[in-house]
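Have a look at the structure below, then the notes.
The values are calculated or read from the model by the stated rules, or taken from the named source; none is laboratory data. Keep in mind the model is a prediction, meaning the values are calculated, not measured. Note that we place each Cβ from the backbone using ideal geometry, even for glycine, and neighbour counts take in every protein chain shown. We work out accessible area using only protein heavy atoms, side chains counted, and drop any ligands, DNA or RNA first. Shrake-Rupley method; radii C 1.70, N 1.55, O 1.52, S 1.80 Å.
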Amino acid sequence: MTQNNQRLLEVKNLKKYFPIQKGFFRKTVGNVRAVDDVSFFVNEGETLGLVGESGCGKTTTSRCILRAMPPSSGEMLFRTKEGNVVDLAKLNRSELHPLRVQMQMIFQDPYGSLNPRMTLFDIVGEPLLVNGMTNRKEREQRVAELLKLVGLRPEYLQRFPHAFSGGQRQRIGIARALSVNPRLVVADEPVSALDVSVQAQILNLMLDLQKRMNLTYLFVAHNLSVVRHFCDRVAVMYVGKIVELSDTLELYAAPQHPYTAALMSAVPVADPRIKTGNVELKGEVPSPANPPSGCYFHPRCEYAVDKCKQDAPVFREIKPNHFVACHRAGELKLPGIG
Amino acid sequence: MDKQQPLLSVKNLKTHFFMDEGVVKAVDGVTFDVQAGQVFGIVGESGCGKSVTMKAVLRLVDPPGRIVGGEIMLRRTNEDGSTNEAIDLVKLDANGKMMRDIRGAEIALIPQEPMASFSPVHTIGDQICEAIMLHQSVDKRAARKIALQMLKDVGIPIPEQRLDEYSWQLSGGLRQRAIIAMALSCNPRLLIADEPTTAVDVTTQAQVLRLLRRLQEQRNAAIIFITHDLGVIAQMADSVMVMYLGLVMEQGPVETIFHNAKHPYTQALLRSIPTVTMTPRVNLPTISGSIPHPFNKPKGCPFHPRCEKSIAGKCDARTPALQAAGERQWVSCFLYHDVEVSA
């Protein structure tokens, strides 16, 4: 891997609030804080995993980065191919257009994300056409190349998506994302809809492509075993905030936030000799429209003290490259796995 | 198999779907026994027939599907608690009184989608009471009491209030618990859980699994646990059956399946999942190819085109039968025996 410590993307204090409107005049009565003051960076050539339970804001974060939706506030500094650092949050539509080829997305559902009425050539070739490759011959050649790259036969060019299995469709989606030579690829649950035997094939393909094309991945997932396998660093989100961010192995072996530890303990390990699920997490995830006071996790946390109810913990670096938002980080000894 | 009489004994079950395009042999000769008080796991990837097997046991296979062969023997309980003779569910009328009495009361189902399984226009309480009143001779007030106790048992906070709420007012985890409460409300002796945790988060999954385990131990019910998640199976099941394209590949105690798997498919499947103890970011061993479409199932052993150890002229011509291979372990593979499925 050609990983250097040059930051490709730096997100600072990103917020995305969805207003709750009520009544005839659609008065705003509150906000769903889907993403609430999130900061992290992604180095070039690395994979950052974003994990958390449903509704924690991981998908909203990734969509804001791609500017599929505008963020409420915050900065998203992206280093372009030319080496300039631009703030994606401040660009308008036409300014974003040339940057879009550098950021692409791989979707979760390989059935819903391919237009059933377009052939493979049209699906994978469309980003090329949009970006000025108008010569059909040239495009055909490039699409065939891309199909070969993701392990599909170039003869499939004129076929429709229905003729392919879930794993093959995910390969088509990857080919489409890679057609414009992106640098940052946001993969939102790329393997969770696939069968176990196919999941491994897609993970291998994505690892292989990353090495060959020096891709940077933002990998959004909820399967912690897959995340551990695939990511260099992992950020754990809970109700719109990042609670912990660290190198993968360190995070799994020695989590510093009680929520991370509870997540780790909930992973069912595929070995009947190792019994998991020792830490019981009581209660439910709070609503991001009406989060608890202080630390959002305190009502469910077995280590909570009075301070946790009042003050929101600061997201701080307790060891080099290990960030935690917990008042008691460092003093707790929490169980990890692996 | 154990000397004890099994609660459910499925023999050579065949369920086919007669479509315009041809016949899909979704379940093509499946045999297994479930003992009382046991968690029996069925694992397999999409299209392996695990859900159809479950539907056949409940006699819920819709046309164009039909049970075309085999038997499903269920041991019934008398009023006084003693067991009497087993009856063959295949021979019953799917919509008859007998089957309707069994379904819900003796065999209950925990479906996969908690959102789609509750009616959005009736309260949770009404729906649970309906099931109770259908199978037990109690009035509405008594049924409500039972329903309340059930919600308490599955650990739903403020159950009095939840009884009068609608399914869409509950979170995913609570909804899944409410479904479990409903399934358990008639004290079934066999619980079929069809991917009960695929739609929920890991922490909720851990809660639900712990709950199922506890309830099963308390009530000594048997659970057929259907999932594609090998981690969940390893944590939950006592005994495991691995299916592929409508056939049983291997069956045995959970320890044996995970640590001494014999069938190449089970071995490959276990190798291909990332675990929390392995070296990250190295290529995973994969199973080449993909699951064939049910219309063009390969001849012979269904796994042979993807199998590393397939024997040319044998695996592609004849279908291996499920045979004992070691203590309480059965495998259908020509590497271990030479018995084929009789036509």
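Some observations on this one:
- Pairs exceeding 22 Å between alpha-carbon atoms, taken from B:Lys50/B:Lys152; A:Lys16/A:Lys241; A:Lys27/A:Lys309: B:Lys50/B:Lys152; A:Lys27/A:Lys309.
- A Förster distance of 35 Å, applied to the separation of the beta-carbon atoms of A:Leu91 and A:Glu250, puts the FRET efficiency at 0.50.
- Under 5 Å, built H, 5+ apart or other chain: amide partners of B:Gly65: B:Phe18
- Using only alpha carbons, chain A has a radius of gyration to Kirkwood radius ratio (Rg to Rh) of 0.99.
- Charge dipole (chain B, unit charges on Cβ, about Cα centre) - positive-most of B:Val276, B:Ala36, B:Leu89: B:Val276
- Charge-dipole axis of segment A:129-264 as Lys and Arg at +1 and Asp and Glu at -1 on Cβ define it, positive-most pick from A:Met237, A:Val220, A:Thr248: A:Val220
- Linear extension gain, A:Asn84 paired with A:Asp122, 0.36 nm per residue minus alpha-carbon span: 10.4 nm
- Coil-residue GluC sites (Glu not before Pro) of segment B:23-119, DSSP, other Cβ within 10 Å capped at 16: B:Glu79
- Point-to-point label distance, B:Met115-A:Glu140, nm (Cα→Cβ direction, 7 Å offset): 4.4
- Checking every one of the trypsin sites (Lys or Arg not before Pro) in segment A:159-249 against DSSP loop status and a limit of 15 other Cβ atoms within 10 Å picks out A:Arg159.
- Eigen-decomposition of the gyration tensor built on the alpha-carbon atoms of the protein assembly as shown gives equivalent ellipsoid semi-axes of 43, 34, 24 angstrom, largest listed first.
- Pairwise inverse Cα distances across segment A:50-90, averaged and inverted, put the Kirkwood hydrodynamic radius at 11.3 Å.
- Scaling the Cα radius of gyration of segment A:1-69 by the globular reference 2.2 N^0.38 Å produces a ratio of 1.43.
- Taken over segment B:188-231, the percentage of Cα pairs per 5 Å bin, counting from 0 up to the bin with the maximum distance, is 6, 21, 31, 26, 13, 3.
- A 1.4 Å probe, protein heavy atoms only, puts the accessible area of B:Cys186 near 20 Å².
- Excluding ligands, DNA and RNA and using a 1.4 Å probe, chains A and B jointly bury around 3900 Å² of accessible surface, summed across both partners.
- Estimated from the Cβ-Cβ distance and a Förster radius of 41 angstrom, the FRET efficiency linking B:Glu217 and A:Glu331 is about 0.65.
- Of the GluC sites (Glu not before Pro) in segment A:1-96, the ones in a loop by DSSP (not H, G, I, E or B) with at most 12 other beta carbons within 10 Å are A:Glu82.
- From the largest down, segment B:72-172 spans 43, 29, 22 angstrom on the principal axes of its Cα atoms.
- In this Cβ point-charge picture (+1 for Lys and Arg, -1 for Asp and Glu), segment A:1-69 has a dipole of about 560 debye about its Cα centre.
- Calculated log₁₀ intensity ratio I(q)/I(0) where the Debye formula runs over C-alpha points of segment B:254-337, q = 0.12 Å⁻¹: -0.42
- Spin-label model distance (nm) - B:Leu60 vs B:Ser342, 7 Å beyond Cα toward Cβ: 3.4
- Computed over protein heavy atoms with a 1.4 angstrom probe, the accessible surface ordering of B:Lys145, A:Lys307, A:Lys22, largest first, is B:Lys145, A:Lys22, A:Lys307.
- Dipole-positive endmost among B:His259, B:Gln161, B:Leu215 within segment B:155-273 (Cβ charges, Cα centre): B:His259
- Amide hydrogen neighbours beyond the local backbone of B:Ile192, cut-off 5 Å, H modeled: B:Ala108, B:Leu109, B:Ile110, B:Ile224
- Extension gain, B:Arg271 back to B:Lys314 (0.36 nm per residue minus Cα-Cα distance, nm): 13.0 nm
- Each residue, A:Thr28 and A:Asn13, gets one label point 7 Å from its Cα in the Cβ direction; the gap between the two is 1.7 nm.
- Set against the 2.2 N^0.38 Å expectation for a compact globular protein, segment B:213-272 has a Cα radius of gyration ratio of 1.18.
- Percent breakdown of C-alpha pair distances by 10 Å bin, ordered from the shortest bin, for segment A:287-338: 23, 49, 25, 3
- Once the Kirkwood radius over Cα pairs is known for segment B:246-303, the Stokes-Einstein relation at 10 °C and 1.306 mPa s delivers a diffusion coefficient of 118 µm²/s.
- Annotation: segment B:119-219 has a Kirkwood hydrodynamic radius of 13.8 angstrom, from the mean reciprocal C-alpha pair distance.
- Using only side-chain charges placed at the Cβ, +1 for Lys and Arg and -1 for Asp and Glu, the dipole size of the protein assembly as shown relative to its Cα centre rounds to 1100 debye.
- Sequence of B:His16, A:His222, A:His97, A:His327 from largest to smallest accessible area, 1.4 Å probe: A:His97, A:His222, A:His327, B:His16
- Of the residues A:Lys137, B:Lys11, B:Lys297, ranked by 1.4 Å probe accessible area with the largest first, the sequence reads A:Lys137, B:Lys11, B:Lys297.
- Assigned charges on the beta-carbon of Lys, Arg, Asp, Glu; segment B:77-154 dipole about Cα centre (debye): 360
- Across all directions, the shadow cast by the convex hull of chain B built on its C-alpha atoms averages 19.1 square nanometres.
- The tail of the calculated P(r) for segment A:14-150, taken as Cα-Cα distances beyond 21 Å, holds 58 percent of the pairs.
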